[in-house]
Amino acid sequence: MLQVKNIEKYYGNQNNVTKALDRVSFDVCDGEFIAIMGASGSGKTTLLNCISTIDTVSAGDILLEGENIADLPADRLARFRREKLGFVFQDFNLLDTLTIEENIGLALSLNHQDPGKVQNQVKAVASKLGITDILEKFPYQVSGGQKQRAACARAMVAGQSLLLADEPTGALDSRASKNLLEIMTGMNRDMGATILMVTHDAYSASYAGRVLFLKDGRIFNELLKGQRNRSV
Ligand code: ADP
Ligand code: ADP
């Protein structure tokens, strides 16, 4: 599904180079829930930005479903992101002027899908996540937990291949964090979502089936749930 091959990322100029990623390689299989863990400055955001096509790598390749994202022409990137990638942001990023239904269906509408079809897809995913009764409401009219569910619904409504979450629990208290992680676990286990989550928090990472540890831009360890960690 996702192949990250020997990627490197440098920032700066000839006099002052920061190596943010140093020969990072890993694969994500269909249906996996994988966490990338590391301290601040270890390269997590850079890695996620490269995978999400927001930033470009200095060397190496990233393939999503066999397609090298470096080869995508600039005018296809926005569409590629909407079709292939779902995002769960720290603050959920729901738009206040749109209903929950419109928020969830936004990427589909922007891709000029037929409104009736959009509505059907939104209803299907909303039903799976238990938020059918709030579709007509605006974000400020629903609870925090419902907003979480709406953000998760938006991230997979189009059948996106890969769901990317950047410190999704970073702004939440422990109860809300647990809720969100359980929703994400359900999406992975029951709805087939493939999830890549970046976090500095061991509790969040404990929900993933596999954890990659990033340090100074390199993967230095890998932990598979139920197994002892092995150095790589
Ligand atoms: P995170 O959201 O992962 O905490 P930040 O975006 O706050 O990461 O930045 C992480 C590190 O990267 C910080 O040490 C910050 O100083 C550095 N950084 C971020 N953007 C820049 C930049 N444009 N130039 C130099 N350093 C940057
Ligand atoms: P994390 O998300 O794990 O906090 P980052 O990916 O933000 O780490 O940063 C990795 C390294 O790259 C850090 O040394 C950071 O200072 C540097 N860095 C990140 N963004 C920039 C940037 N835009 N310009 C220069 N250096 C950057």
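The values are calculated or read from the model by the stated rules, or taken from the named source; none is laboratory data. This structure is a prediction, so every number in the text was calculated from the model and none was measured. Cβ: placed from backbone, ideal geometry, glycine included. Neighbour counts: every protein chain shown. Note: areas computed on protein heavy atoms with side chains; ligands, DNA, RNA excluded. Shrake-Rupley method; radii C 1.70, N 1.55, O 1.52, S 1.80 Å.
A few notes on this one:
- Nearest-20 debye value, segment 120-162 charge dipole, Cβ charges on Lys, Arg, Asp, Glu: 80 debye
- With contacts taken as Cα pairs under 8 Å and at least 6 residues apart, segment 102-232 reaches a relative contact order of 18 percent.
- Counting DSSP beta bridges with both ends in the chain, the antiparallel % (nearest 5): 55 percent
- Cross-link reach list, aspartates and glutamates versus Lys19, counting only Cα pairs under 13 Å and skipping chain neighbours closer than eight places: Glu8, Asp216
- Helix-derived mean residue ellipticity, 222 nm - over the chain, DSSP H n ≥ 4, -39500 (n - 2.57), to 500: -10500 deg cm²/dmol
- Look at the alpha carbon pairs under 8 Å that are at least 6 residues apart: their mean separation over the length of the chain gives a relative contact order of 29 percent.
- The distance linking segment 53-83 with segment 124-153 is 30 Å (Cα centroid to Cα centroid, whole angstrom).
- Percent carbon-and-sulfur accessible area, segment 79-187, ignoring ligands, DNA and RNA, probe 1.4 Å: 48 percent
- Among the listed pairs Lys117/Lys137; Lys44/Lys123; Lys147/Lys225, those beyond 26 Å (Cα-Cα): Lys44/Lys123; Lys147/Lys225
- Mean projection area, nm², convex hull over Cα of segment 1-89: 6.5 nm²
- Built from the Cα atoms of segment 52-172, the convex hull projects on average onto 8.3 nm², one quarter of its surface area.
- Solvent accessible area, Å² - Lys117, 1.4 Å probe, full protein context: 110 Å²
- When all protein chains stay in place and ligands, DNA and RNA are ignored, the 1.4 Å accessible-area order of Ile104, Ile54, largest first, is Ile54, Ile104.
- The shape of the chain can be summarised by an equivalent ellipsoid whose semi-axes, obtained from the alpha carbon gyration tensor, come to 30, 21, 16 Å from longest to shortest.
- Relative to the longest principal axis of the Cα atoms of the chain, the long axis of helix 174-191 lies at roughly 90 degrees.
- Dimensionless Rg ratio for segment 169-232, taking C-alpha atoms and the 2.2 N^0.38 Å reference: 1.19
- Cross-link partners of Lys128 among aspartates and glutamates (Cα-Cα below 19 Å; sequence separation of 8 or more within a chain): Glu101, Glu102, Glu136, Glu182, Asp190
- Probing with 1.4 Å while keeping every protein chain in the model, the per residue accessible area of the chain equals 50 Å².
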